[in-house]
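> Supplied in structure tokens, the structure appears directly below.
The values are calculated or read from the model by the stated rules, or taken from the named source; none is laboratory data. Because the structure is predicted, anything quoted here is derived from the model rather than measured. Cβ sites come from the backbone with ideal geometry, for glycine too, and all protein chains shown count toward neighbours. Remember, those area values only see protein heavy atoms, side chains included, never the ligands or the DNA or RNA. Shrake-Rupley method; radii C 1.70, N 1.55, O 1.52, S 1.80 Å.
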Amino acid sequence: QVQIVESGGGLVQPGGSLRLSCVASGNMFSFDTMGWYRQAPGKQRDMVAIHTSGGRTEYADSVKGRFIISRDYDKNMITLQMNSLRPEDTAVYYCSVETRATWNSKAVINWGEGTPVTVSS
């Protein structure tokens, strides 16, 4: 079983910054791709940024140049530094953690409970 703890959401004014953190734990063979997704009211859940186990990062076009994802492999932790926030960034942000229970098992996507981010004046 995988435990995911998210933190850092809140209310911020347009142009401000927030930092989200996600820590994963559990008796797994590996923690592979970790990332952040978001879901605004009435919309689907979309990828914001991901960080693969090999170090590759990928961002949604809407956040490129404003958000930075980083990873601490030893702690199974990712952070999302969000700068120049806009009202359209308002959403619930979910941490996604891909794990494998054994060396030859299929990858499983695990989700955190979500942390709300509100950008408003």
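> Given H placed on each backbone N at 1.01 Å, which residues far from ALA101 in sequence or on other chains put an amide H within less than 5 Å of it?
PHE29
> Can you pull the percent of the chain's accessible area that's carbon plus sulfur, 1.4 Å probe, other chains left in place?
Taking all protein chains in place, the chain shows 48 percent carbon and sulfur surface.
> Quick one: Debye curve from the alpha-carbon atoms of segment 18-68 only, equal weights, vacuum; give me log10 I(q)/I(0) at q = 0.15 Å⁻¹ to two decimals.
-0.51
> Next up: How much length, in nm to one decimal, is gained on full extension between GLU88 and ARG56, taken as 0.36 nm per residue of separation minus their Cα-Cα distance?
8.9 nm
> I'd like to check one number: the per residue accessible area of the chain, probe 1.4 Å, reported in Å² as a whole number.
Heavy-atom SASA per residue in the chain reads 55 Å².
> How far apart, in nm, are the 7 Å Cα→Cβ label points at VAL108 and MET47?
So the two model labels end up 2.2 nm from each other.
> P(r) tail for the chain, what percent of Cα pairs lie past 21 Å? Provide the component values of the computation, followed by the final result.
Values: 2520 of 7260 pairs.
Tail of P(r) above 21 Å: 35 percent of Cα pairs.
> Please turn the phi angles of segment 99-111 into ³J(HN,Hα) values with the Karplus equation 6.51 cos²θ - 1.76 cosθ + 1.60 (θ = phi - 60°), one per residue in order, whole Hz, x for glycine and proline.
Whole-Hz 3J(HN,Hα) from phi for segment 99-111: 10, 10, 6, 9, 5, 10, 8, 5, 6, 10, 8, 10, 10.
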